[in-house]
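Enquirer: For reference, the structure I am asking about is given below.
What follows is calculated from the coordinates using simple rules that are stated; it is not laboratory data. What you see is a predicted model, and the numbers here were worked out from it, not measured in a lab. Counting neighbours? That spans all protein chains shown, and the Cβs are built from the backbone with ideal geometry, glycine included.
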Amino acid sequence: MSVYALSAVAAQQLPLHDIVDVYTASWWPLAPGWWLLIGVLCGLLWASIWWGWRRWQQQRGKRRVEQLLLAPVSRISDVTLRLKQILLLKYSRPQLAQEFVSLLLSSLPPSQGAFEAEALRYYLERQFQDHEPDDAEAFQSWALKWWQHAYTQFKQEVRYV
């Protein structure tokens, strides 16, 4: 008997499977590495959504104060009243009544203190006098600039506004 005849007989007796073509192999079920990658990506997505939600909630008070400062004004005293309402979040009424100007200026960086003090005194002197409507708008923009610097000191108090 020839060698080929023996191999044909042996092949018929062994339980061999057909050769699987590369293109017919399935991608499912996934390997453990893919499951790990999917888990990590889902965790990162959840963490970013949670972080964004917390940040949005923390910024809510800041947005409300900015809306208060951006509301239309016709007099300088309107802006002064709004600034006092903001300062009441952190300071007591007697302290605010005695030290209004110094409390405003203490929230500014030292490099801007002298220039801002002059501007604030100018507006406060003119609040009960006749003034141009542009003065009220300029004081409103000053107050908004002050708030952007002072927000870091008011973070805890503004959170619950």
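Enquirer: For the range 26-47, what are the residues that are surrounded by 10 or more Cβ atoms within 10 Å (Cβ to Cβ) and either acidic (Asp, Glu) or assigned to a loop (DSSP other than H, G, I, E, B) (or both)?
Expert: Leu30
Enquirer: Are any residues in the range 97-116 surrounded by 17 or more Cβ atoms within 10 Å (Cβ to Cβ), in a helix (DSSP H, G or I) and either in contact with a His (Cβ under 7 Å, 6 or more places away or on another chain) or charged (D, E, K, R) (or both), and if so, which ones? Outline the logic, then answer.
Expert: So in the range 97-116, the residues surrounded by 17 or more Cβ atoms within 10 Å (Cβ to Cβ) come out as 100, 103-105, 107-108, 116.
From what is left, the residues that are in a helix (DSSP H, G or I) are 100, 103-105, 116.
Within the range 97-116, Glu116 is the sole residue that qualifies.
Enquirer: Let me ask something else. Determine which single condition Pro133 fails, assuming it passes every other condition in (1) surrounded by 15 or more Cβ atoms within 10 Å (Cβ to Cβ); (2) under 15 Å from Asp78 (Cβ atoms); (3) in contact with a Ser or Thr (Cβ under 8 Å, 6 or more places away or on another chain).
Expert: Exception for Pro133: condition (1).
Enquirer: Would you be able to say whether some residue in the range 80-94 is of a type in the set (Phe, Trp, Tyr) and either assigned to a helix (DSSP H, G or I) or in contact (Cβ under 8 Å) with a residue 24 or more places away in the chain (or both)?
Expert: no
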